[in-house]
Structures are given as C-alpha cells and as structure tokens.
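K.L.:
Take this structure first; my questions come after.
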Amino acid sequence: MDLNEYILSGILEDYVMGLASEDQIAEIEKQAELQPEIRNEIRKIQESLEIYASSFKMDPPEGLKERVRSDLFKEIQGTMPEPDLTDEDPKTRIIRFKYTKWLAAASVTLLILSSILNVNLFLKLKSTQKQLTALITEKEYLAQKMKEQEIILTKAQDEQNFLLQAETRSIVLQGLPKFPDAQATVFWNTNSSEVYLTINNLPVPESGKQYQLWAIVDGVPVDAGILNETKSKFLQKMNNFSKAQAFAITLERKGGNSTPTLEAMYVMGKV
C-alpha cells in the first residue's frame with residue numbers, strides 16, 4: 001500500500017478517535033515518525049475534531065442544575081442513617097452536623113457537575129462522529145473518483161502513444177449502399193500487429209445482435225473480434241493481424257459468427 005492509499009484508508013481517523021487496535025496504533029506511530037505526511041494528516045484530523053466539537057457545543061437546559069441538585073439532595077437525605085445522639089456532646093453534635101451538611105452539599109455539587117459534563121461530552125461526541133463519518137465518506141468518494149480519472153488519463157495516453165507511432169495506419173470503413181451513413185475507423189500497427197477500432201456512426205444493434213469486425217486476409221474473411229459498444233470514448237481493442245487487405249463490419253447474432261453474414265455487412269475499407 002503506497003503512502004496516498006495508506007492515508008485514504010481511514011486508519012488514521014480510527015487512530016485519532018481511539019478505535020484502532022494496539023497493533024495498528026504501534027504501526028501508525030512508527031509510520032508517523034518516518035513520514036511527515038502522516039504526521040501532518042493526523043494533526044489535520046485532530047484539528048477537524050476540535051473544530052467540530054467547538055462548533056456543536058451545547059449548554060445544559062435551563063433549570064437542569066437546580067432540578068438535579070434538588071433530587072440528589074432528597075435522595076441523600078433519604079438514604080443517610082439517623083445518628084445516635086443520646087450520649088453525644090452538644091458541641092460535637094453541632095460540628096458533626098455542619099460537617100455532614102457541608103459533605104452532602106459538596107457531593108450534590110460534584111454529581112451535578114459530573115452529570116452536566118457527561119451530557120455535554122456525549123452530545124459533542126455524537127455530533128463529531130456524525131460529521132467525521134460524513135467527511136470520511138466524502139473523502140473516500142473523492143479518492144475513488146480520482147482513481148477513475150487516473151485510469152481514464154492513463155488509457156488516453158496509451159491510445160495517443162499508439163496513434164502517434166509511425167507504423168500505425170488508419171483505415172476508414174465506409175458505409176455500403178444499404179447503409180450509406182455508417183462509418184468506422186480501424187487503427188492497425190503493422191509492426192506490433194495490434195488492431196483498434198472506433199465507431200464513427202453505426203446504429204444501435206437490435207436485441208440479440210452484435211457487430212463483428214472481419215479482416216480480409218488473402219481474400220478470406222477472418223474473425224477480428226466482437227464490438228462490445230457502439231458508442232465509446234475509447235478505442236476498442238480487436239484481434240491482432242500481421243497482414244490484411246481490408247476490414248469490414250457485419251451484424252451477427254450475439255457472441256459472433258464463424259463466417260460473416262454478407263447481406264448484413266455495414267461498412268468496409270481497403271488497406
């Protein structure tokens with residue numbers, strides 16, 4: 001896996017969110033030491049999380065603190081055992097009462113703060129996870145589109161290199177009298193024997209039918225391959241031929257024929 005694929009795999013997002021395994025964590029931290037791109041990506045993800053968290057900060061509802069304090073104080077009062085004050089000194093009783101009252105109030109305050117903090121953290125986490133999931137999905141979509149564009153660009157460059165070779169010849173296949181508007185072009189490299197075809201104008205074949213290219217070799221038609229598409233932005237690779245006097249296209253049953261149907265011949269061109 002190259003560096004770009006590693007970054008786009010989503011493993012760095014899992015690392016930042018604490019979802020990666022121990023082995024993954026060790027591997028990521030090792031790679032981060034070696035690759036500044038990975039360190040920068042981790043930093044960007046962390047900054048995104050912080051931005052999302054601050055953007056979706058939520059304050060607790062009005063009156064929540066008072067309601068929680070009241071309920072918790074009642075609960076504490078109801079569960080605290082009644083002390084035995086029979087033989088207790090009055091001063092000690094006052095001190096102990098004040099301490100108990102202070103302890104109860106402190107406990108209630110801590111519980112309230114803890115509850116509010118947990119609610120805020122939960123809401124922030126849910127919102128951040130949702131936004132991060134959307135961001136990861138968009139990133140994966142863009143990465144996929146980028147790969148598709150790279151494939152298209154590579155194929156276009158290969159075709160251009162093929163067409164620019166001195167040994168590549170173009171043979172225009174003109175429509176026959178029954179189909180005067182039909183046209184296709186064969187590109188044949190006499191050195192490599194490679195044959196490519198592009199459709200300029202052929203009607204969409206009826207159901208169960210398919211176009212087939214033929215090379216005329218020593219006066220005999222030889223199967224040159226089935227046309228998969230009648231409209232394509234790319235050249236279609238056909239069978240190789242080291243020699244041919246002409247090329248023609250017929251409409252055959254789906255899957256092709258061993259011999260051409262002459263009455264269904266649409267175009268033909270001499271080399």
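K.L.:
Please state the shape class of segment 168-270: rounded when a/c is under 1.5, otherwise prolate if a/b exceeds b/c and oblate if not, all from the C-alpha gyration tensor.
P.N.:
rounded
K.L.:
While we're here: Given a cut-off of 30 Å, name the pairs among K155/K243; K147/K243; K145/K270; K178/K237; K145/K209; K147/K254 whose C-alpha atoms lie farther apart than that in the structure shown.
P.N.:
Violating the 30 Å Cα-Cα cut-off are K147/K243; K145/K270; K145/K209; K147/K254.
K.L.:
Still on this structure: Using the Karplus curve 6.51 cos²θ - 1.76 cosθ + 1.60 with θ = phi - 60°, what ³J(HN,Hα) values do you get for each residue of segment 37-46, in whole Hz, with x for Gly and Pro?
P.N.:
4, 5, 4, 5, 5, 4, 4, 5, 5, 4
K.L.:
Could you pull out every residue, at least 5 positions away or on a different chain, whose amide H is within less than 5 Å of the one on A246? Hs are placed 1.01 Å off N in the peptide plane, and Pro or chain starts have none.
P.N.:
Amide H neighbours of A246, under 5 Å, 5+ apart: I216, V271.
K.L.:
Between segment 226-261 and segment 187-210, what's the alpha-carbon centroid distance in Å?
P.N.:
So the separation of the two Cα centres works out to 5 Å.
K.L.:
Return the long-range amide H neighbours of N200 (sequence gap of 5 or more, or a different chain), with a cut-off of under 5 Å between placed amide H atoms.
P.N.:
So N200 has HN proximity to Q183, A184, T185.
Readers should treat all values here as calculations from the given coordinates under stated rules, not as data from a laboratory. Treat the numbers as computed from the prediction; the structure is a model and nothing was measured.
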